[in-house]
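In what follows, a single structure is set out as structure tokens and then discussed.
The values are calculated or read from the model by the stated rules, or taken from the named source; none is laboratory data. From a predicted model like this one, the values you see are computed outputs, not experimental measurements. In this analysis, Cβ positions are derived from the backbone assuming ideal geometry, glycine residues included, and neighbour counts consider all displayed protein chains.
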Amino acid sequence: MSASFPQAAAVELRNAQQRRNLRTATTTIRAKRARVVAEVDDWEALREAGARIKDEALARLDVHLERLEASVTAAGGTVHWARDAAEANAIVARLVREAGSDEVIKVKSMATDEIGLNAALAAEGITAHETDLAELIVQLAGDRPSHILVPAIHRNRVEIRDLFRDRFGEPRLTSDPAELTAAARRHLRERFLRVGVGVSGANFACADTGAVCVVESEGNGRMCTTLPHTLITVMGIEKVLPRFDDLGVMLRLLPRSSTGERMNPYTSLWTGVTPGDGPQAFHLVLLDNGRTATLADPVGRQALRCIRCSACLNVCPVYERAGGHAYGSTYPGPIGAILAPQLAGLRDHASLPWASSLCGACYEVCPVRIDIPSVLVHLRGRIVREQGAPASERLAMQALARVFASRRRYEAAQRGRRLTRLAAHLPGPLRAWSEVREPPRAPAETFRDWWRSRT
Ligand code: SF4
């Protein structure tokens, strides 16, 4: 089990450079998003439509998935079902070997990060080459992603220049973005042309036609989904849309919410296999890995609407300070705080639903209207009911219950200046709470005393 959020955040908060990098990056993306969202007159109606489409898909997920399987199969693809990460990884490794390769080129994909595909392939002697620039930076640095959309958001240009100088053996590289991109392109181009198996995730898949959609900004995804002879797509089962036409709504919501663009530069769509054009073998791996269990929770299931735009991360004051690594999960930020504990089980990420001030900024920006604060509170309740509250909290609640149960004690507590002083300097492990809070000063006269003096 990884460190709890408070422990991990305490470590991350000491990294002042990372905090500066995050503040600069999230402020920029936030402003871009706000500008392009303000251009759309019917943005709220669009959000409603996005939420409805996702809810419709989730309400009859089994039916839509079987339709998707039939459509993909009819178009020449093959569908595989994976209950968990181990099954999905084994399927992908087998398919790569059957394709006669020991390398794959990868499109950025949260689903494959979630199942630890790169490490599982490495254990089978298969090398995975990340081709998204930020994922490449993370891979070359032996680092972990810290953002859904910009996995290397915690690194600045100078850090990336030093990394590229070292890994690519190009000591004269400057931190000019064009130079850094060109260096990455030189590194990747040869792999695009050589490696025969591509691995992608999917932003959406349409049940009625079998079309799979990947949305990206760099063109590396287009290369990975068109150049290799075999394409393997690992997709969470919640990504299915009932109809091809639903893409009209989703493709207006996603780019504006994620990169702050009216339309992303590359939207790749493919349906099965087209003889003589693009990959001649297409495999779609449908991944459950905790999604069915999440669907069983009537409040928590709305997390499955998520289209991974990362708008909630960019507005979250907790994420901006603590950074993505503190969450100890593939999915950081507000969506991570509700998705990770549900996918992996509440025991594994029990501290995450508390990694929020419940300010509600995440709900306001979410393009599919996931009420993250309500889900956070709901999960806190579930965790306390299932695992029990900490002893200190139980004691505090018992004491409060005694105070509230008796009018005499309640009135005494209201006058209790000593109580206020105590709350300002709590002892032992409770000190962390009182150190960062200023209790209100007790008034000279309580309302009850004032009322009595006038009646
Ligand atoms: S929860 Fe909403 S805002 Fe956050 S990543 Fe998912 S779709 Fe985007």
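Points worth noting:
- Boolean, V318 is touching a residue at least 24 places away in the same chain (Cβ under 8 Å) and of a type in the set (V, I, T): yes
- Residues (hydrophobic (A, V, I, L, M, F, W, C), farther than 16 Å from P298 by Cβ and surrounded by fewer than 23 Cβ atoms within 10 Å (Cβ to Cβ)) located in the range 366-386: I383, V384
- Within the range 341-355, tally of residues that are in a loop (DSSP other than H, G, I, E, B) and closer than 18 Å to A10 by Cβ: 4
- In the range 291-303, the residues that are within 19 Å of P373 (Cβ to Cβ), hydrophobic (A, V, I, L, M, F, W, C) and either more than 14 Å from the ligand (Cβ to nearest atom) or part of a loop (DSSP other than H, G, I, E, B) (or both): V299
Residues are listed down the side, and each one gets a yes or a no for (1) modelled with pLDDT under 85; (2) more than 39 Å from the chain's Cα centre (by Cα); (3) among the hydrophobic types (A, V, I, L, M, F, W, C):
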| position | (1), (2), (3) |
| --- | --- |
| S406 | no, yes, no |
| G416 | yes, yes, no |
| T420 | yes, yes, no |
| E438 | yes, no, no |
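- Residues that are within 14 Å of the ligand (Cβ to nearest atom) and part of a helix (DSSP H, G or I), drawn from the range 321-340: G324, Y327, G333, P334, I335, G336, A337, I338, L339, A340
- Scanning the range 191-233 for residues that are polar (S, T, N, Q), surrounded by 24 or more Cβ atoms within 10 Å (Cβ to Cβ) and touching a Pro at 6+ places or on another chain (Cβ under 9 Å) gives a single hit, T225.
- First in the range 362-388 and free of Cβ contacts under 8 Å to residues at least 60 places away in the same chain, second anywhere and away from the ligand (no atom under 15 Å from the Cβ) and assigned to a helix (DSSP H, G or I), Cβ under 7 Å, 6 or more apart: R380/W354
- When the range 241-263 is filtered for residues that are of a type in the set (A, V, I, L, M) and within 16 Å of the ligand (Cβ to nearest atom), the ones remaining, listed by number, are L241, L247, V249, M250, L251, L253, L254.
- Where helices (runs of 4 or more DSSP H) fall wholly inside the range 72-163, no range has 3 or more residues that are modelled with pLDDT under 95, among the small types (G, A, S) and in contact with a Pro (Cβ under 9 Å, 6 or more places away or on another chain).
- Flag for C306 being within 15 Å of D113 (Cβ to Cβ) and within 9 Å of the ligand (Cβ to nearest atom): yes
- Any hit, the range 354-368, residues being more than 13 Å from the ligand (Cβ to nearest atom), touching a helix residue (DSSP H, G or I) at 6+ places or on another chain (Cβ under 7 Å) and farther than 30 Å from A38 by Cα: yes
- Filtering the range 201-249 to residues that are over 20 Å from L58 (Cβ atoms) and among the charged types (D, E, K, R) leaves E216, E218, R222.
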